[in-house]
Amino acid sequence: MRPLIAVVALSAAVLITGPSRAVETVGVPICDEFLAKYETCVKEKMPAEQRGAIADSINQMRASWRQILSSSPQSKGDLENTCRQSMDSMKASLGASYGCSF
């Protein structure tokens, strides 16, 4: 469980740029909901100069979570908890800063 949390925390914390990927689902409803709400917040509320890097970070989170789930299906429960915690965290920070809904 610790490696999963470390990968997710790193994915969420590091904002790096890279090629954009087509939107795919993670396959865990709460994770897909979180990522969709996060993307909406970025597109509608954040300053244009921040959008690219954060959108790339969201795509990287999605890819990482898909990889975790495909390589370790038993990690679904841990991934659900991680996504709930991520949503709560973003709700507090981006809700206050940008008026985003999570």
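No value in this document is a laboratory result; all are computed from the given coordinates. Nothing here was measured: the structure is a model prediction, and the numbers come from that model. All Cβ positions, glycine included, derive from the backbone under ideal geometry; neighbour counts span all protein chains shown.
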For this session: Would you calculate the separation in nanometres between label points at Asn81 and Arg51, each defined as 7 Å from the Cα along the Cα-to-beta-carbon direction?
Result: 3.7 nm
Exercise. What is the extension gain from Gln74 to Asp88, computed as 0.36 nm multiplied by their sequence separation minus the C-alpha to C-alpha distance, in nm to one decimal?
Worked result: 2.7 nm
